[in-house]
Amino acid sequence: MAEAFNFDPDKNYDEATMEQQRNIEKEISANQALVSFQIDFDTVSADYSKEDETYLGKIQDLKIKYKCVRRTRGDGNCFYRAFGFAYLEQLLTNQVDYARFKEVATRSKDELVSLGFPQFTIEDFHDTFMDVVEKVGTPCTTKELHETFNDQGISDYLVVYLRLLVSGYLQKKADFYQNFIEGGRSVKEFCNQEVEPMGKESDHLQVMALTSALGVAVRVVYMDRGESGQCNHHDFPEESSPSVYLLYRPGHYDILYS
Amino acid sequence: MSPKPVRSASPKPITIAKMSTPARRRLMRDFKRLQEDPPAGVSGAPTDNNIMLWNAVIFGPHDTPFEDGTFKLTVEFTEEYPNKPPTVRFVSKMFHPNVYADGSICLDILQNRWSPTYDASAILTSIQSLLHDPNPNSPANNEAAQLYRENRREYEKKVQSIVQESWTSDSEDEEEPDKKS
């Protein structure tokens with residue numbers, strides 16, 4: 001039986017909550033790679049019970065259109081990590097877009113600083129981000145990139161920098177994005193609460209902002225309980241030809257390969 | 001009576017652990033920046049042999065009841081820094097609506113509004129500004145919060161007593177691993 005809860009006014013419950021949160025995170029990180037190897041759809045089917053016809057039917061639908069999946073860890077950073085890996089993996093073999101992206105990425109630091117982000121800390125994340133971008137430009141294998149994304153320290157720095165790019169872009173276009181923000185918050189407050197802290201999940205807004213900020217088109221394929229038998233998808237920006245494919249299941253993004 | 005000078009950033013070189021991680025590299029940078037560009041009224045430095053554990057001092061801001069106080073804190077970082085906030089605690093006795101009895105601090109940027117763009121310098125200056133700008137809506141010390149709202153004079157008196165304590169408690173505080181054995 002649970003003990004009766006006695007509120008102790010001198011106790012710091014925030015820390016107890018954070019401790020519990022840390023334990024949950026530890027358990028997740030022990031069981032899931034940050035970015036997995038490529039796996040086939042039969043392995044994905046094993047996530048669901050045999051009776052779950054809606055989902056199993058949708059996996060069959062995916063199987064027709066896509067080759068395989070890479071899972072990402074469900075730590076709230078999955079959109080950023082999935083996007084980051086999938087896009088950089090593409091750049092390994094696309095020199096034209098690599099040159100374009102490298103320029104955008106190089107320039108982005110000064111843009112963030114001009115938006116009021118603290119130069120000292122931005123530089124730290126930008127340096128690591130550019131190290132990885134550089135590495136992608138030298139002969140680099142998918143295996144090496146995969147290892148880089150599974151090095152927690154570097155991988156999280158990449159996630160942070162992508163978050164900062166989203167925050168910067170939303171703030172730069174605050175007049176537009178303000179319309180999408182609920183709860184009477186300003187764009188800046190939204191960024192402080194939902195974008196910049198690690199582990200905060202991404203919604204449409206963040207996906208829109210990141211794809212626009214970097215000029216990369218993404219197709220998100222939705223696998224939900226909808227009855228159509230097929231997976232719907234949405235391209236960001238609309239009517240673009242996507243170069244990155246992500247699989248969305250409620251609350252989580254993985255990478256798809258066509 | 002004037003406050004005693006406080007030991008500031010130690011000039012001794014810091015031992016770097018062999019395996020440098022992003023958190024450790026970043027903390028070295030944070031420390032370097034604190035020394036080169038010290039913000040007014042705060043100081044901090046890693047303890048000997050452990051870059052992850054810092055001692056810090058916040059001077060009570062002018063024109064507040066905390067003025068002239070020299071408040072010591074510990075800042076404990078993890079390998080997840082700067083992606084996760086450090087744990088910050090007042091070591092000196094504190095009387096403030098947002099500081100718990102054990103010295104831990106209720107401040108949004110140290111919890112759910114942490115941003116990896118904050119560094120050690122930003123953390124300490126945020127705590128300093130919390131001193132003169134308490135948030136009585138999320139009280140960690142009910143008595144302080146109530147006095148702050150309802151009886152400002154009594155609040156200031158209580159604060160002044162911990163300001164005075166902050167000067168004297170310094171002398172017994174030699175348990176820091178300063179001395180090499």
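Observations, loosely collected:
- Note, ³J(HN,Hα) from phi for the range B:71-76, Karplus 6.51, -1.76, 1.60, rounded to Hz, x at Gly and Pro: 9, 8, 9, 10, 10, 10
- Karplus-derived 3J(HN,Hα) values for the range A:206-217, using 6.51 cos²θ - 1.76 cosθ + 1.60 with θ = phi - 60°, are 5, 5, 4, 5, 5, 5, 6, 4, 9, x, 10, 8 Hz; glycine and proline are entered as x.
- FRET efficiency for residue A:99 and residue B:101, using Cβ-Cβ distance with R0 set to 56 Å, rounded to 0.05: 0.45
- Measuring only protein heavy atoms, the 1.4 Å probe finds residue A:173 accessible over about 90 Å².
- Gyration tensor over the Cα atoms of the protein assembly as shown: the corresponding equivalent ellipsoid has semi-axes (square roots of 5 times the eigenvalues, largest first) of 45, 25, 21 Å.
- For the range B:113-141, heavy-atom accessible area (probe 1.4 Å) falls by no less than 50 Å² from the chain alone to the full protein assembly at B:113, B:116, B:117.
- With eigenvalues of the C-alpha gyration tensor scaled by 5 and rooted, the range A:4-115, Å: 35, 30, 11
- Other-chain or far-sequence residues with amide H under 5 Å of residue A:222's (modelled H): A:232, A:233, A:234, A:248
- Prolate/oblate/rounded label for chain A (Cα gyration tensor, a/c 1.5): rounded
- Solvent-accessible area, 1.4 Å probe, carbon plus sulfur percent, for the protein assembly as shown: 50
- Where only DSSP H runs of four or more residues are counted, chain A gives -17000 deg cm²/dmol as its mean residue ellipticity at 222 nm, each run worth -39500 (n - 2.57).
- Anisotropy class of the range B:43-181 from Cα gyration tensor, a/c 1.5 cut: oblate
- Ranking B:94, A:223 by solvent-accessible area of protein heavy atoms (1.4 Å probe, all protein chains present), from largest to smallest, gives B:94, A:223.
- Which of B:123, B:65, B:78, positive extreme of dipole for the range B:22-167 (C-beta unit charges): B:78
- For the range A:177-190, 3J(HN,Hα) per residue [Karplus equation, 6.51 cos²θ - 1.76 cosθ + 1.60, θ = phi - 60°, Hz, x = Gly/Pro]: 6, 3, 4, 9, 8, 8, x, x, 8, 7, 4, 4, 5, 4
- When the residues B:153, A:73 are ordered by accessible surface, computed with a 1.4 Å probe over the protein chains alone, the sequence from largest down reads B:153, A:73.
- Ranking A:157, A:245 by solvent-accessible area of protein heavy atoms (1.4 Å probe, all protein chains present), from largest to smallest, gives A:245, A:157.
- Shielding by partners for peptide B:147-156, expressed as the average number of C-beta atoms from other protein chains within 10 Å of each residue's C-beta, is 0.
- Inter-part distance where the range A:183-217 and the range A:12-72 are each reduced to a Cα centre, Å: 23
- Averaged over peptide B:81-91, the number of partner chain Cβ atoms lying within 10 Å of each residue's Cβ comes to 3.
The values are calculated or read from the model by the stated rules, or taken from the named source; none is laboratory data. As the structure is a prediction and not an experimental result, all values here were calculated from the model. All Cβ positions, glycine included, derive from the backbone under ideal geometry; neighbour counts span all protein chains shown. The area values use the complete protein model at the heavy-atom level, side chains included, leaving out ligands, DNA and RNA. Shrake-Rupley method; radii C 1.70, N 1.55, O 1.52, S 1.80 Å.
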